[in-house]
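All of the numbers you see were taken from the coordinates with simple rules; none came from a lab. Since we're looking at a predicted model, the values are computed, not measured. Virtual Cβ from ideal backbone geometry, glycine too; neighbours counted across all protein chains shown.
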Amino acid sequence: MRRTAWSKAAGSVPSDRLRPAQRPQSVPQKQNQGKGKTQEPSKSKAIRKLESLAEGVRKSFGKEKDPNGGCFCQAREHDLSPYTAICRGCGLILCAINLPYYACPHCSAALLSDIARSSLSARLDEEISKQVAKEEEERLRVAQQARDAEGAFPVLLGSTTPSVLSSMPSRPTAQTHKILSLNSKTKKYTVSSYTNTPVSSRPASRAESEVEEVHRVAAPPKEVDFVKRTPDRKHPWNNMRMEAP
């Protein structure tokens, strides 16, 4: 290779002959990558119960039996079922524990016909809408009361509103005590200070999902218990359930 006066001579060090490594191009990240999804407000217990009931009515066929066995109290211990009060097959009175999308716990007959099932599904959807509107109205009423309470007192800019102050839990303040002690030998006194910091009590945490234990009346026995031997006329007061000697 022909060299000129302005050509650069190759270095004698081996590192001068190495090519620089190419850096990978950084991929631009999306702007919305770090943003989390907005969480929906938690539903109340009444709405969750109605939605579970409506979903069971839509998905079930009416032939499935209650895995818990149902209840045979005949509305003596629980309220009467607002959806299926009686079985049209055997006449069993059904309480609110017996869900309408299950079969009768006694004769295993379907409690809902096709027309009654569609009518009940529309009724449950209407009850859910009314419950949502009722809870929203209650929430707005509480918010309006909070705004009215804030307007009753003058509020400075940048200060905490009275409603926020009242909702904040009060923390116990530290108390300082001074003790004066006298030494009998040296006749000198000493002042000691002690600070007592109380521990704030916290309420016991509860589980989010609490399983309610419902008392269910079991089914009556299939065989009727009766005395099979004939009574003794000479001793009519004997206990016939006891075995004869």
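What is the sum of charges, Lys and Arg at +1 and Asp and Glu at -1, for the other residues whose Cβ falls under 14 Å from the Cβ of CYS104?
Details: positive: LYS63, LYS65, ARG88; negative: GLU64, ASP66.
Net charge in that neighbourhood comes out at +1.
When the C-alpha to C-alpha distance is required to be over 21 Å, the pairs from LYS43/LYS63; LYS59/LYS222; LYS65/LYS222; LYS49/LYS130 that qualify are LYS43/LYS63; LYS59/LYS222.
Can you tally the net charge around GLU127? Count Lys and Arg as +1, Asp and Glu as -1, for every other residue whose Cβ sits under 12 Å from the Cβ of GLU127.
Here the count lands on +1.
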